[in-house]
1. Go through the stretch A:21-52 and give me each residue that's buried (at least 19 other Cβ atoms within 10 Å of the Cβ), within 10 Å of chain B (Cβ to nearest Cβ), more than 9 Å from the chain's Cα centre (by Cα) and under 26 Å from residue B:266 (Cα atoms).
2. What helices (runs of 4 or more DSSP H) lie completely within the stretch B:1-65 and have 2 or more residues being touching a strand residue (DSSP E or B) at 6+ places or on another chain (Cβ under 7 Å) and under 25 Å from residue B:347 (Cα atoms)?
3. Would a scan of the stretch B:381-389 turn up a residue that is surrounded by fewer than 20 Cβ atoms within 10 Å (Cβ to Cβ) and either within 14 Å of chain A (Cβ to nearest Cβ) or modelled with pLDDT of 95 or more (or both)?
4. Among the residues of the stretch B:84-95, are any more than 24 Å from residue B:304 (Cα to Cα), within 22 Å of the chain's Cα centre (by Cα) and assigned to a helix (DSSP H, G or I)?
5. In the stretch B:122-134, is there at least one residue being within 14 Å of chain A (Cβ to nearest Cβ), modelled with pLDDT of 95 or more, more than 30 Å from residue B:55 (Cα to Cα) and under 21 Å from the mean Cα position of the chain (by Cα)?
6. Answer yes if at least one residue in the stretch B:56-76 is in contact with a helix residue (DSSP H, G or I) (Cβ under 7 Å, 6 or more places away or on another chain), touching a residue at least 40 places away in the same chain (Cβ under 8 Å) and within 15 Å of residue B:311 (Cβ to Cβ), and no otherwise.
7. Among (1) within 15 Å of residue B:94 (Cβ to Cβ); (2) assigned to a helix (DSSP H, G or I), where does residue B:220 come up short?
8. Is it the case that some residue within the stretch B:141-164 is touching a residue at least 24 places away in the same chain (Cβ under 8 Å), in a helix (DSSP H, G or I) and within 30 Å of residue B:67 (Cβ to Cβ)?
């Protein structure tokens, strides 16, 4: 499973880091780091993080296939 | 309808159960001048833009004499305002310090580590429903969880709750524009009493550190700043999440189709909680901001010094931003609601509130089979800002393990 964060939208509210600290982290006060691939055990936390994002910048893709044709969806 | 009539109606208790038609009326003039010179902003893009505007202050001492100075302790109290009522750079310094033991980058796992304990609290509260055919969701479920959570976060003894409950209520009530001088006087007294209680506790923690962020913050903050912070977090942790949990329960019982969907797909709880924060936000509006300069917005100039009210609950139902905004739709995409505000004063406790909601809501509806609301609408608290039911009596059919 994969995710992508639109860093042009991200404003560093860091809600994702609170809710899924193994997948997202903050470097300094605002720069967001994240693991673009995550495993099933993190799915629940990643879903919560994506739904909580105040600027809806997190896209989650549950199908671990080539991106072409895959429909990303939010939360 | 004159604007004076509208704001009177919004704060009028008679309209507490359903203020949304009034908010719709309000949005017809996105930036509306009140007779007393205050401005009400009710449309999504205007509220969002002002919440991010450094020319808008949360320090009400910037208001000319005669206007309510929400959040400003009297000089003789010796207490500074809490960080929600400050501006940068003081605000940023305080919030950064307070965040250090609470969240990322320094403590990203602090709240995550509380999930297990909070789940146990939820289990115990629901176990106590056994043998009952009706409960009050507020007293029996929605209130005890956030109190326990904020006590754990701060390191405040849970058994002192009967003492600080009264102070927290008086302080929360004072945010209501209708509180008046009597309400403000009670709040000042409550702030003094709660401050004295917390100052003692902080002093003890300074000598004998324990769990919770007050111990962690004691070496890094002045006693007065930490006391003001502790008062704010204890009150905020007390009053708002209760409403979020109760509003979620009320909204679900009013939408049996959505409740059916939740039973079939428990994962729906996560977007559903966000939709409740849009549809019935626990903080309805922010009446404590002030223009620091003339601000042009939506063809209006808000003059320097004017009190500005940002109407979050009205903005959350702005049809220019949300399709079919009066519909409760947990499947709503791109739900950038303002339920936790936005900008630098975005709710500090939002992640804690979400963790509590994520733990409480799915489990409540998994274990309890509800038959119906016993009062609809339920009786509301007086407060127009921190709006929520005082009681939510429900009939229950069954409880599963």
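1. Matches in the stretch A:21-52: A:21, A:45, A:48, A:51, A:52.
2. Numbers: elements: B:3-11, B:20-27, B:44-51.
Filter on the stretch B:1-65 gives B:44-51.
3. Narrowing the stretch B:381-389 to residues surrounded by fewer than 20 Cβ atoms within 10 Å (Cβ to Cβ): B:382.
Still in the running and either within 14 Å of chain A (Cβ to nearest Cβ) or modelled with pLDDT of 95 or more (or both): none.
Checking the stretch B:381-389: not a single residue is surrounded by fewer than 20 Cβ atoms within 10 Å (Cβ to Cβ) and either within 14 Å of chain A (Cβ to nearest Cβ) or modelled with pLDDT of 95 or more (or both).
4. Residues of the stretch B:84-95 more than 24 Å from residue B:304 (Cα to Cα): B:93-95.
Those left that are additionally within 22 Å of the chain's Cα centre (by Cα): B:94-95.
Narrowing the set further to residues that are assigned to a helix (DSSP H, G or I) leaves B:94-95.
Yes, the stretch B:84-95 has at least one match.
5. No, every residue in the stretch B:122-134 fails to be within 14 Å of chain A (Cβ to nearest Cβ), modelled with pLDDT of 95 or more, more than 30 Å from residue B:55 (Cα to Cα) and under 21 Å from the mean Cα position of the chain (by Cα).
6. yes
7. (2)
8. Checking the stretch B:141-164: at least one residue is touching a residue at least 24 places away in the same chain (Cβ under 8 Å), in a helix (DSSP H, G or I) and within 30 Å of residue B:67 (Cβ to Cβ).
The values are calculated or read from the model by the stated rules, or taken from the named source; none is laboratory data. Predicted model only: the values in this text are computed from it and were never measured. All Cβ positions, glycine included, derive from the backbone under ideal geometry; neighbour counts span all protein chains shown.
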